[in-house]
Amino acid sequence: MENISNPHKKILDREDFHALFDVLHALDYKIVGPVVKDGAIAFDRVTSPRQLAAGVIDEQFPGSYQLTASHSPRYFDWNTGPQAIKPFLFKPRQALWTCDVDDHNLVFNPCTVEVEKQAFIGVRACDLAALALQDKHFLQGAYQDEFYQAQRKQMLIVAVNCSRSGNQCFCVSTGDGPEASFYYDIVLDELDEGFLLDGGSEKGQQVMAQLPLTSATPAQQGKAEQQVKSAAEAQKKKMPRKSQLAGLVKVLDSDRWLAVAERCLACGNCTLVCPTCFCSKQESESDICLASASQVRLWDSCFSEDHSYIFGKTVRPTIASRYKQWLIHKLVVWQQQYGRSGCVGCGRCVTWCPVAIDLVAEAQLLVNEANGSEGKNNNGGHG
């Protein structure tokens, strides 16, 4: 089948990739991109393409993650690390207000919302889907989070379509990848010879207008499309369909929850690496003289026993009850709250679980039980 050229798609040669950084710097953006840090892909401040995670590929299995050399010049051969853009918006630690003593009176002051223009390079489709869910919670509900909102307005996102899928990727079955379809300012497809670019916003088009671009040929566009297609076809793991997940409320008393609890450490790793989880707690901090104090919001996990402590009682005292809360809330209740499940198919919770509990496998077993067909595999796609 003959490739049809899209005139909006342009090519940036590999040797000119630094020009993207130059333009973003000229527009006063601080650039955040993927680097190798502590043996994993991490998003951190960068100033040059030389700092990116080039020439490495990730190998992910339940409870296992490692990077190996790919012997390729590509910057984006990897899939996901433990975190992407969530910590830059919903920060692990956020001061909310301060309190000082002035002539024996308490004076309360809101914390200044400090933001800077940040451009994120290398964001994947699953993390864009997660960002949309975070926006629904922090920006589009009855109450808006001013800290999140202020930084969100200053973001520019350069997304990258996945050219391969890892063992734990299942974004096709959740409808979230491997191709980025929304929420980006610029999207890249990385080819051996360079990068296929397309704009997704006016901001993105303004950046592209300052780059040394040429029109992409039909052959180059065909390569990019084939990469995404191959990445999608490579995915073997599948989350049950939305309609199947809704049936999980039928098995709230299943022995499966106890079976998971026998393995689960309640460490909270799954919630910490999940790009959509947003549980938090607040704590008061004071100086040693008790002359000033602050209220701080910290990341928390529903796997923590204290997280469900209310008025002298722990609502979910067992690991089984906390795992049930997490899975039912994410896969079922979010469908009612946000119009979709809270899983975007990134596979992080499986990779970074120290005892290799597989969310997809557990959900499928529970779906089978809800259908009275335990042991059968009814995997399906999204919808």
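The values are calculated or read from the model by the stated rules, or taken from the named source; none is laboratory data. The shown structure was predicted, so the numbers you read here are calculated from the model rather than taken from an experiment. Methodologically, a virtual Cβ is constructed for each residue, glycine included, from the backbone with ideal geometry; neighbour enumeration extends over all protein chains shown. The protein model used for the area step is the full one, side chains on, heavy atoms only, and it has no ligands, DNA or RNA in it. Shrake-Rupley method; radii C 1.70, N 1.55, O 1.52, S 1.80 Å.
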So is residue 60 of a type in the set (S, T, N, Q), over 15 Å from residue 157 (Cβ atoms), surrounded by 14 or more Cβ atoms within 10 Å (Cβ to Cβ) and not assigned by the TED database to the domain that holds residue 190 or not?
no
Scan (1) in contact with a Ser or Thr (Cβ under 7 Å, 6 or more places away or on another chain); (2) over 20 Å from residue 342 (Cα atoms) for the single condition residue 154 breaks and write down its number.
(1)
With the structure loaded, tell me whether residue 168 is assigned to a helix (DSSP H, G or I), touching a strand residue (DSSP E or B) at 6+ places or on another chain (Cβ under 9 Å) and either farther than 30 Å from residue 95 by Cβ or in contact (Cβ under 8 Å) with a residue 60 or more places away in the chain (or both) or whether it fails that test.
no
Take the range 71-86 and flag every residue that is open to solvent by 40 Å² or more (accessible area, probe 1.4 Å) and either of a type in the set (Phe, Trp, Tyr) or in contact with a strand residue (DSSP E or B) (Cβ under 8 Å, 6 or more places away or on another chain) (or both).
83
Which residue out of 68, 47 is touching a His at 6+ places or on another chain (Cβ under 9 Å) and open to solvent by 30 Å² or more (accessible area, probe 1.4 Å)?
47
Test: residue 23 is surrounded by 15 or more Cβ atoms within 10 Å (Cβ to Cβ), assigned to a strand (DSSP E or B) and at pLDDT 95 or above:
no
Select, from 355, 296, 315, the only residue that is hydrophobic (A, V, I, L, M, F, W, C) and outside the structural domain of residue 367 (by the TED database).
296
Screening 117, 86 for residues that are within 24 Å of residue 279 (Cα to Cα) and of a type outside the set (A, V, I, L, M, F, W, C) leaves only 86
Within the range 141-151, work out how many residues are in a helix (DSSP H, G or I) and either out of contact with any helix residue (DSSP H, G or I) (no Cβ under 6 Å at 6 or more places or on another chain) or hydroxyl-bearing (Ser, Thr, Tyr) (or both).
5
Is there a residue in the range 184-202 that is free of Cβ contacts under 8 Å to residues at least 60 places away in the same chain, open to solvent by 80 Å² or more (accessible area, probe 1.4 Å) and over 30 Å from residue 153 (Cα atoms)?
no
Out of everything in the range 236-278 that is of a type in the set (D, E, K, R) and within 15 Å of residue 328 (Cβ to Cβ), what residue ends up being least open to solvent (accessible area, probe 1.4 Å)?
256
Restricting the range 87-140 to residues that are among the hydrophobic types (A, V, I, L, M, F, W, C), part of a strand (DSSP E or B) and loosely packed, with under 15 Cβ neighbours inside 10 Å, which is modelled with the highest pLDDT?
96
Please state which of the following conditions residue 172 fails to meet, knowing it meets all the rest: (1) closer than 29 Å to residue 28 by Cβ; (2) modelled with pLDDT of 95 or more.
(1)
